[in-house]
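Quick notes on the structure that follows.
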Amino acid sequence: DSKLRHVEKDVLIPQIMRDRAKELCSDKVQAFTKCCKETGLLMVVKCRQENTALKDCLVGYYTDPSFYEECKAEYLKQREEYRATGIKKKRQKITSNV
């Protein structure tokens, strides 16, 4: 059954997309985090370039229809496994400071 509920379309799949996009853009996440740590309160002004690069990378994935379909397929696979076994898969936490 590949029919999706509202919460799956609007919450669960986008959460998978955010997590995967952060992994795929990890170099830009690290650069932004490093810049913020080094500049402190002036990060709003001094880290614009890193922030823009990070946003561009993330938005590129968020707006990509094929990436959405990949994440949707991943979610449906996880849901199918859960329905078959009754065991919920632990979500992997990303250990960045973003």
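The table for this structure:
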quantity	calculated
Three principal axis lengths of the range 6-79 [C-alpha, angstrom, descending]	43, 19, 18
MRE, 222 nm, helices only [DSSP H, n ≥ 4, -39500 (n - 2.57), over the chain, to nearest 500]	-21500 deg cm²/dmol
Leu4 long-range amide H proximity, modeled H, under 5 Å	none
Ordering of 59-69, 25-35 by packing [mean C-beta count within 10 Å, highest first]	25-35, 59-69
Euclidean distance of C-alpha centroids, the range 8-23 and the range 48-83, integer Å	5 Å
Dipole magnitude of the chain about its Cα centre (Cβ charges: Lys, Arg +1; Asp, Glu -1), debye to nearest 20	400 debye
Listed pairs Lys34/Lys72; Lys3/Lys72; Lys34/Lys89; Lys22/Lys55; Lys9/Lys77; Lys3/Lys88 exceeding 21 Å between Cα atoms	Lys34/Lys72; Lys34/Lys89
Surface accessible to a 1.4 Å probe, per residue, for the residues of the chain, Å²	77 Å²
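The values are calculated or read from the model by the stated rules, or taken from the named source; none is laboratory data. Please read these numbers as outputs of a predicted model, since none were measured by experiment. Counting neighbours? That spans all protein chains shown, and the Cβs are built from the backbone with ideal geometry, glycine included. Heads up: the accessible areas ignore ligands, DNA and RNA and are worked out on the full protein's heavy atoms, side chains in. Shrake-Rupley method; radii C 1.70, N 1.55, O 1.52, S 1.80 Å.
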